[in-house]
Every structure is written in structure tokens, then in C-alpha cells.
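Trainee: Just dropping this structure here.
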Amino acid sequence: RNRHPKTDYQYDSRQIPGRPECLSTRKELYERNFPVYKQPAEVGSFSLDSKRRFFNDSRQIRYYAKLDRRPNFDLTDGYRDRHVKRDESVKENLNHLLQWILANRAAVGSSQAAASPCPIDTDFVTWRGHLTKLLTTPYENREGWLLAVTKFKGTLYVSEVETEAARTQRQTRTEKHEEMMYWGYKFEQYMCADDAQSLPNPGGVVNTNEAFCAVVKTRLADHRLLFSGEVDGRDKDPRAPPPPECYIELKTSAEICTPKQRSNFHRFKLLKWWAQSFLLGVPRIIAGFRTHDGVVVDVETISVSEISHIIKAERNCWKPTVCMNFCCAFLSFVKRTVTEDDPSVVYLFSYEPHGDVTFTVHRDSQYSFLPPWYVEELIG
Ligand code: 0WD
Ligand code: CA
């Protein structure tokens, strides 16, 4: 058998006869009762400004007000001349979330603070987007993923690594695809204002460095989770319920004109939309339906809790319980597997469509992602 060429190689789950060290992604295995998922509680939030600088406050939150249901928003407007695009080649890993944790030790720390064997009072720290990928894995037959996991002082940190395929796709996007990625951000600008008193300003610059992120704590079965997700806006009514219930998610999608298009929308798009919003406890999605050339002609509010009913009419459709049970099984698999508590060790979990989840172990490698400023602060 060929030895892995990498020097940091220690153990490869794919090389064990009978492969006991992998996790099946077959949906039939996860069709059981819905696991306990606690209503996420917001423990804080942070902002990234136009230069992607971190602020430990909500300065970038935006306000949503119901507008015209039949608008004529031109999403192509400003793509060339009023658009600042985030540099996607910069890999941020968990850094902004770790920065938030250090600035809010009181909100996340256990009672004994730095001296404790587990100073961060949770089992997992990650981005909401990474959990979304886990939820949709049993139904994903196009894109694989790589998730790096490091155990440090009892907490498991989960950070995505870009796959070879994803990097190639990012570097070879067509101009049309680049423009269509802008459309989602432009829709946000048409729908949200910078403060509760003012109206949206579609004449401004769209800067994709800017973000408002909520940090929540919750529990999936016996897994305590601390994660953060980008939030598009909040209900501008000051009497709205507290976060995350006042939050909204904005989406755009192609107009639905045929039964086939409706079925595809339910089977593929609503899966991703549901998973993303459900995780953070965001109750409403505001969907803008656009023509093929980027004009929003219809805006609909979709209640996240109703999605599971909407899709039941679809035969052979995805099931929320499969998503949640798979995610739960993956987190249990990670807990069983990632035993070495060391900030420089990475267990790299890998999924390729139609395959199982497997892992490899790497010491002091290119995959290490906990920055020294975080590690040193926690070692104290
Ligand atoms: O470095 C990475 N591999 C990633 C970093 C991957 C995913 C996210 N992030 C970071 C970014 O700092 C971003 O501010 O997380 C933040 C967003 O986190 P999330 O909420 O966990 O991500 P996700 O749920 O995948 O996406 C939420 C929104 C997207 O909205 P739509 O409606 O398109 O799903 O965040 C934006 C996008 O607007 N977004 C990103 N922003 C920055 N970097 C990224 C990204 N890689 N991916 C999506
Ligand atoms: Ca969005």
C-alpha cells in the first residue's frame, strides 16, 4: 500500500480495513425523530466595516421595512461603478469570531476563567455557514467539503478549508457569474436602510466587506454550540421581538414560471434557505424573484417554520430531520475522533459526493488555523 507522501501524515481513516473510522452520509440512516435543537440565544454580535475591520458592536446592522410587493429593482445597477468587492483570496478562518470571543470572555467563559481546563463554555465553535453545509450533506451530490477541527482546552473549533474544486471554480468564474453574485448584495441595498428612521439608499456603493454578524449559543442533542452567522437585517419596528427573532434573511431567486421550476425551487433552494435560517433562529426570509436579466419583479415573505410543510407536497423531497440527525451524528463522530488537545493539530474531515466522511490528522501543517494571539491569550 502506498504511504501518504505528506510528512505531517499520521493516520488516515481511509486506510483502515472495513473503514470503521468513517461516517456514512446515506439519508436513510438519519430518518428518525427530530433531535432536540434548542432555540438559539443571542450572546452578542459584531460588525465588519467597509475595510473589513472588526468592531465589537452592532454598527453595521441594517433595518428592514416592508416595501412594494411588485417592485422593479434593477439588480445590475452599480455593478461597474458603485461596487467594492471583498478580496475572496484572503482566508479569514474563524478569526473574527475568535476576536469576538476574546472581547467577550465574560459572556462565554466558564466560572473559573483562564485557569479552567475548559475556558470557553461550549463543545463547538464555528461559523453558521459550516453547519449549513453539514445539514445539507445527505442531499448534496455536487460539491464536497473539507472541515478542519482542532481541540483546544476542551473546545472543538471547526473551520472550513477550501477544496481544490472550489478554488478552481472561484478562479474560473465567468463575468456573468461574477455579476450575478453582486445581485444578492444589490437586493440587500434596495431592501434595507442604515437606520430605523430612514429609507434604503439604492444610489449608494455596495461594499461586500461590510457585515453584521450575530453570535448565538444553542444545543443540538448533547452538543453545545457557539457559532456566528451574518444577518442581513432586522425588523425596524422597535417593538419587534428580541434577536434572533427580529432578524430577517434576504434572498434572490429566478422567477418561477413552470411547475418544474417550482419543484426545483422546493427541492434544492428551499433546502439551503431553510438550513441557514433555521440554525440561527431567523424566522423570516424575504425572497426577491427576478427576471433572467436581473430585475426583481416580486417580493415574498417565507416563514422558515412553514418550509417543512411547503415541501411535504413534493415527492422524494428533503427532510429537516435527516439534516439535523446527520449534523448531530457528525458532531458525535468529531467528539469520538478528535482526542488530542493541541492547538497545532488539525483533524481534517473530508466529504466527497456519494462517499462517506473520512479524516486525516496533521501536525504543524498548512491546515493549522488557531492564531497565536488566540492561543496565547487562552493559555494565559
Ligand atoms: O473563510 C471562509 N471559508 C468563510 C468565511 C466561509 C463562510 C463565511 N465566512 C465568514 C465571513 O467572515 C462572513 O462575514 O463568515 C461570515 C458569514 O458567515 P455565515 O453566516 O456563517 O456564512 P453563510 O451562512 O455561508 O453566508 C451568509 C452570508 C451570505 O449570504 P447569502 O444570502 O448569500 O447566503 O454571508 C455572505 C453572503 O452574503 N458570505 C460571505 N461573506 C464573507 N465571506 C462568505 C464568505 N466566504 N460566504 C458567504
Ligand atoms: Ca442573504
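Read-outs: derived from the displayed coordinates by stated rules, not from any lab. Values in this document were obtained by computation on a predicted structure and should not be read as measured data. Cβ coordinates were reconstructed from backbone atoms using ideal geometry, including for glycine residues, and neighbour counts include every protein chain displayed.
Trainee: Taking the Cβ of each residue in Asp87, Asp237 as the centre, tally the other Cβ atoms inside 10 Å and list the residues starting with the fewest. List each step's numbers first, then the result.
Mentor: Values: Asp87 8, Asp237 13.
In increasing order of surrounding Cβ atoms, one gets Asp87, Asp237.
Trainee: First select every other residue whose beta carbon is under 11 angstrom from the beta carbon of Gln99; then total the charges, Lys and Arg +1, Asp and Glu -1.
Mentor: Details: positive: Arg53; negative: Glu92, Glu377.
Computed value for this residue: -1.
Trainee: Convex hull volume of the Cα atoms in segment 183-227, per residue, in Å³? Write down the numbers at each step before the final one.
Mentor: Numbers: hull volume 5.3 nm³, N = 45.
So the per-residue Cα hull volume is 117 Å³.
Trainee: Here's something else I'd like to know. Working from the alpha-carbon coordinates of segment 248-301, get Rg over Rh, Rh being the Kirkwood radius.
Mentor: Rg/Rh for segment 248-301 comes to 0.98.
Trainee: Treating only the Cα positions of segment 85-166 as identical point scatterers, give the base-10 log of I(q)/I(0) from the Debye formula at each q in 0.21 Å⁻¹.
Mentor: Each listed q corresponds, in turn, to -1.05.
Trainee: Relative to the first principal axis of the alpha-carbon coordinates of the chain, what is the inclination of helix 175-191, with its axis defined by its Cα atoms, in degrees from 0 to 90 and to the nearest 10?
Mentor: Helix 175-191 sits roughly 70 degrees off the main axis of the chain.
Trainee: Can you check what the net charge comes to around Ser110, using other residues whose Cβ is under 11 Å from the Cβ of Ser110 (Lys, Arg +1; Asp, Glu -1)? Provide the component values of the computation, followed by the final result.
Mentor: Details: positive: Arg105, Lys153; negative: Asp121.
Surrounding charge for Ser110 is +1.
Trainee: Among Arg290, Arg53, Arg239, which comes first, second and so on when ranked by fewest other beta-carbon atoms within 10 Å? Please list the in-between numbers first.
Mentor: Numbers: Arg290 21, Arg53 10, Arg239 6.
Fewest to most other Cβ atoms nearby, the residues stand as Arg239, Arg53, Arg290.
Trainee: Provide Thr339, Thr163 in ascending order of the number of other Cβ atoms located within 10 Å of each residue's Cβ, fewest first.
Mentor: On the way: Thr339 9, Thr163 16.
Neighbour counts put them in this order, fewest first: Thr339, Thr163.
Trainee: When the convex hull of the Cα atoms of the chain is projected onto a plane and the area is averaged over all directions, what value comes out in nm²? Kindly include the intermediate steps, with their values, before the conclusion.
Mentor: Values: hull surface 80.8 nm².
Taking the Cα atoms of the chain, their convex hull projects to 20.2 nm² on average.
Trainee: Now, a different point. Give the lysines whose C-alpha is closer than 19 Å to that of Lys319, dropping any in the same chain fewer than 8 places away, or say none.
Mentor: Leaving aside lysines fewer than 8 places away in the same chain, those within reach of Lys319 are Lys27, Lys38, Lys133, Lys269, Lys272.
Trainee: Still on this model: Suppose the chain between Thr301 and Lys153 were pulled fully straight at 0.36 nm per residue; how much longer would it get relative to their current alpha carbon spacing?
Mentor: On the way: separation 148, 0.36 × 148 = 53.28 nm, distance 4.28 nm.
Additional length available on full extension: 49.0 nm.
Trainee: When the helices in the chain are scored as -39500 (n - 2.57) per DSSP H run of 4 or longer and the sum is shared across all residues, what 222 nm value do you end up with, to the nearest 500 deg cm²/dmol? Intermediate values should be presented prior to the final figure.
Mentor: Details: 10 runs with 97 residues, N = 380.
Value at 222 nm, helices only, nearest 500: -7500 deg cm²/dmol.
Trainee: Here is a further query. What do the square roots of 5 times the Cα gyration tensor eigenvalues come to for segment 62-218, in whole Å, largest first, as semi-axes of the equivalent ellipsoid?
Mentor: On the way: eigenvalues 234, 106, 41 Å².
Value: 34, 23, 14 Å, ordered largest first.
Trainee: Also, I was wondering about something else. Compare Ala165, Ala196, Ala275 in a GNM of the chain, Cα atoms joined below 10 Å, and give the one with the largest fluctuation.
Mentor: Ala165
Trainee: Counting Lys and Arg as +1 and Asp and Glu as -1, what is the net charge of the other residues whose Cβ lies under 14 Å from the Cβ of Asp222? Write down the numbers at each step before the final one.
Mentor: Values: positive: Lys38, Arg219, Arg224, Lys335, Arg336; negative: Asp123.
Within the 14 Å Cβ shell, the charges total +4.
Trainee: Right, another one. If contacts are Cα pairs under 8 angstrom and at least 6 residues apart, what is the relative contact order of segment 245-347 in percent?
Mentor: On the way: 101 pairs, mean separation 26.5, N = 103.
Rounded, it is 26 percent for segment 245-347.
Trainee: To test your reading of the geometry: what angle, between 0 and 90 degrees and rounded to tens, separates the Cα axis of helix 320-337 from the longest principal axis of the chain?
Mentor: Around 30 degrees separate the two axes.
Trainee: Starting from 0.36 nm per residue, how many nanometres of slack lie between Val90 and Arg363 once their C-alpha separation is accounted for?
Mentor: Working: separation 273, 0.36 × 273 = 98.28 nm, distance 2.27 nm.
Once the chain is fully extended between Val90 and Arg363, it gains 96.0 nm.
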